[in-house]
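What follows is calculated from the coordinates using simple rules that are stated; it is not laboratory data. Computed from a prediction, not measured in an experiment: that's the story for all the values here. Here the Cβ positions follow ideal geometry from the backbone for every residue, glycine too, while neighbour counts run over all protein chains shown.
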Amino acid sequence: MSTTRHPTGDPDRQRLLLKIAVAILLAVAFIILVVPGPIPKPIRIGVALTDLIAAAIIWVMGRQKLGE
């Protein structure tokens, strides 16, 4: 038996926070790839890819929970 839990609180505020979280993850992934630093390129690509995957997962889960 499965129960669906809907988020409580203001849905508009939750959508805004969802968009901010995804935007920050995407921006950090871009910065990691573009800005040169002491970290080797393959590791930077891996970290950026992890950020992109996290952003995608958060976006999909948010859309499912908030019903957009």
When the helices in the chain are scored as -39500 (n - 2.57) per DSSP H run of 4 or longer and the sum is shared across all residues, what 222 nm value do you end up with, to the nearest 500 deg cm²/dmol? -26000 deg cm²/dmol
Lys41, Lys19 arranged by Cβ crowding within 10 Å, fewest neighbours leading: Lys41, Lys19
Treating only the Cα positions of the chain as identical point scatterers, give the base-10 log of I(q)/I(0) from the Debye formula at each q in 0.13, 0.23, 0.26, 0.29 Å⁻¹. -0.47, -0.92, -1.06, -1.20
So between Thr50 and Lys65, what do we pick up on full extension, going 0.36 nm a residue minus the alpha carbon distance? 3.2 nm
